[in-house]
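Reviewing the structure listed below.
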C-alpha cells in the first residue's frame with residue numbers, strides 16, 4: 001500500500017487520506033489507520049476503533065509540538081493484515097497547513 005498523506009492540519013485536527021483498492025475483493029474487511037508519535041516506529045497504535053472502507057479520516061487530538069507518522073493497513077476476512085508504508089513525519093504547529101504531501105499525528109484518543 002502507498003503511504004498515506006496528510007492534506008491539512010488545523011487546531012488539533014489532522015486530515016489523513018490514502019489510496020483505496022479500486023476493485024476491492026469480498027475478502028477485504030477494511031483499512032486500519034495507525035499512528036506513531038515522535039519517531040517511535042516500534043509503537044504503532046490504531047486511530048480508529050474499527051476497520052473502515054473509507055479512504056480518509058479526520059483525527060482530533062493532535063498535540064502541538066508532537067511529530068506524527070501514519071500508516072494504513074488492510075484487513076481481510078482470512079485475518080490477513082497487509083501493513084502499509086509509513087507517511088513522512090509531520091510536526092504539528094499552531095499554524096494551519098494545507099496541501100501537505102504526507103504526514104503523522106496524535107495523542108492517546110482513539111476515534112471511531
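The values are calculated or read from the model by the stated rules, or taken from the named source; none is laboratory data. Worth saying up front: this structure is predicted, and the values here are computed from it rather than measured. Virtual Cβ from ideal backbone geometry, glycine too; neighbours counted across all protein chains shown.
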*Just name the residue that is farthest from residue 76 (Cα to Cα) out of those in segment 1-24 that are assigned to a loop (DSSP other than H, G, I, E, B) and in contact with a strand residue (DSSP E or B) (Cβ under 8 Å, 6 or more places away or on another chain).*
12
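So that you can scan it fast, the table gives a plain yes or no per residue for (1) in contact (Cβ under 8 Å) with a residue 12 or more places away in the chain; (2) over 16 Å from residue 2 (Cβ atoms); (3) part of a strand (DSSP E or B):
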residue: 40; (1), (2), (3): no, yes, no
residue: 58; (1), (2), (3): yes, yes, yes
residue: 68; (1), (2), (3): yes, yes, yes
residue: 71; (1), (2), (3): yes, no, yes
residue: 74; (1), (2), (3): yes, no, yes
residue: 82; (1), (2), (3): yes, no, yes
*asked:* Criterion first (farther than 18 Å from residue 91 by Cα and either in contact with a strand residue (DSSP E or B) (Cβ under 9 Å, 6 or more places away or on another chain) or at pLDDT 90 or above (or both)) does residue 56 satisfy it?
replied: yes
